[in-house]
Structure formats: structure tokens, C-alpha cells
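Trainee: Questions regarding the structure given below will be posed in turn.
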Amino acid sequence: MVSASREMAVYCFDTLVAHYNSEHVPPPAFEEGQHPLFVTWKKAVNGAEPYLRGCIGTLEAHCIIRGFRDYALTSALKDHRFPPIQAKELPYLECTVSILTDYESALDYLDWEIGKHGLIIEFADPNYNMRLSATYLPEVAAQEGWTKIETIDSLMRKAGFNGTINESLRKRLHVTRYRSTLYTMHYSDYASYVKMIRGAAPAINGAKPNY
């Protein structure tokens, strides 16, 4: 089984650096495969707790080299919840790459474990007869300190549901649970790795070194 790795996080940073420098991305140091995957960018300033700057991926199996290249940029620049990441923010970023595995249907909306399972919910909006869906990665509920019900309710809001949430509606959810492997790398570790492997730390147009 393919697991998330340092080299995958390096490739995501490489992709973003190459974007700002209008350069070609260096070839990845991991092998091709087909897996669902996500790229998450967070920003940490002055030692504060990192906060989300973008998170986008695919729940379908995808070629992981092209997938990490595409979603590194999409999550950094096109997550509609946040303004695009600017080059000057790069030294403060951390990147988490996730490879998703072990999809299975839950028996009900409570049939999963916080910190162990990611969730995909699908349901019909009773007010507009629309199909809605959303996902949270396995680490989200634990990081937020949510209960299972708080997680489910938040996920329904993320899916775009604005009506009243009650027990009857929760019971009508179709819930798929999954697991993931992940690897998190801060920009300073990326810069050190690049300097060790390639002989020089990365230079970014529009950013000051911060390592």
C-alpha cells in the first residue's frame, strides 16, 4: 500500500515554488500510483497554532504524481474559502499530504471513530430536493475537539445545508468512512531538505527567506 511520504510533501512545495518562479517542477522522488489524495496548506506565524489556508483533493483514485501537482496548486490558489496564497506567505506554510484508504459504508452516522476515520456524507436537502455531499479528513474532528454529532452537523453545513438539523435528518445520511496516511512538512524543513539534496535552498520570487 502506498503511504503519504516526505517526498510527496516536497513535491507539493516544489510545485508551488515553481508556480511563483514560472519554472518547471523538478521530477518527484516517489513512484506513480492510483489513490485518492488531499493536499492541505496551513500557515503559522510567530509560533502561533497553524491555521488553514487551503485544502482540496479528490475522493476518487487519481494518478498521484499529477494529483499532487494539480491539488498543490488548486488548494493553495483556488480554495474558495480563502484568498489565494501569496509567494510571501510560503516561508510560513506547512503542507500535509494525505493518501486515503479503506473506504467502507458506515451503519449509521455514529458508526465511526474520532481521529481514526474520515467521513463522506451524502443526503438530500429536504427543502430543495438537492443532493448534497461533503467530507472531512480523519484528523479534522480531533483537531477541532468536536463530538461525533458536532462533526456531522458541521459537515452538513459544509455541504451547503442551511435548514434545521435534527435527529431524523441525521438518520437519513449515507455515511462512508475511510482512513488515511498523512505526512506534514513545514517550509523550513523543505528548504533544509532541498539544500541537502540539491546543494542550494529554494529561492522564491516575491518572498524573503525565513529559515
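Trainee: Give me the pairs, please: first residue somewhere in region 88-106 and small (Gly, Ala, Ser), second residue anywhere and assigned to a strand (DSSP E or B), beta-carbon distance under 6 Å, and either six or more positions apart or on two chains.
Mentor: SER98/PHE38; SER98/SER180; SER98/LEU182; SER105/THR176; ALA106/VAL175; ALA106/ARG177
Trainee: Next up: I need the full set of residues from region 41-83 which are among the hydrophobic types (A, V, I, L, M, F, W, C), in a loop (DSSP other than H, G, I, E, B) and touching a residue at least 12 places away in the same chain (Cβ under 8 Å), in order please.
Mentor: Of everything in region 41-83, those that are among the hydrophobic types (A, V, I, L, M, F, W, C), in a loop (DSSP other than H, G, I, E, B) and touching a residue at least 12 places away in the same chain (Cβ under 8 Å) turn out to be ALA44, VAL45, PHE82.
Trainee: Shifting gears a bit: Looking only at region 1-24, which residues are assigned to a loop (DSSP other than H, G, I, E, B) and surrounded by fewer than 18 Cβ atoms within 10 Å (Cβ to Cβ)?
Mentor: If the condition is that a residue be assigned to a loop (DSSP other than H, G, I, E, B) and surrounded by fewer than 18 Cβ atoms within 10 Å (Cβ to Cβ), then MET1, VAL2, SER3, SER5, SER22, GLU23, HIS24 are the ones that fit.
Trainee: Further, regarding this structure: Here are some conditions: (1) assigned to a loop (DSSP other than H, G, I, E, B); (2) surrounded by fewer than 13 Cβ atoms within 10 Å (Cβ to Cβ). MET196 meets all but one. Which one does it not meet?
Mentor: Of (1) assigned to a loop (DSSP other than H, G, I, E, B); (2) surrounded by fewer than 13 Cβ atoms within 10 Å (Cβ to Cβ), only one is false for MET196: (1).
Trainee: Got a sec? Which of ALA72, ALA87, ALA48 is in contact with a Phe, Trp or Tyr (Cβ under 7 Å, 6 or more places away or on another chain) and not basic (Lys, Arg)?
Mentor: After ruling out the rest, the residue left standing is ALA87.
Trainee: Say whether the condition of being free of Cβ contacts under 8 Å to residues at least 60 places away in the same chain, touching a Gly at 6+ places or on another chain (Cβ under 7 Å) and polar (S, T, N, Q) is met by at least one residue in region 14-35.
Mentor: No; the residues of region 14-35 include none that is free of Cβ contacts under 8 Å to residues at least 60 places away in the same chain, touching a Gly at 6+ places or on another chain (Cβ under 7 Å) and polar (S, T, N, Q).
Trainee: Residue check, PRO83 against (1) touching a Lys or Arg at 6+ places or on another chain (Cβ under 7 Å); (2) surrounded by fewer than 21 Cβ atoms within 10 Å (Cβ to Cβ), all met but one. Which one?
Mentor: (1)
Trainee: Scanning for something touching a helix residue (DSSP H, G or I) at 6+ places or on another chain (Cβ under 9 Å) and farther than 30 Å from LYS43 by Cβ, does region 124-135 turn up at least one residue?
Mentor: The answer is yes, given that some residue of region 124-135 is touching a helix residue (DSSP H, G or I) at 6+ places or on another chain (Cβ under 9 Å) and farther than 30 Å from LYS43 by Cβ.
All of the numbers you see were taken from the coordinates with simple rules; none came from a lab. Owing to the predicted nature of the structure, the values given are computational and were not obtained by experimental measurement. Quick reminder, even Gly has a Cβ in these numbers, built from the backbone with ideal geometry, and neighbours come from all protein chains shown.
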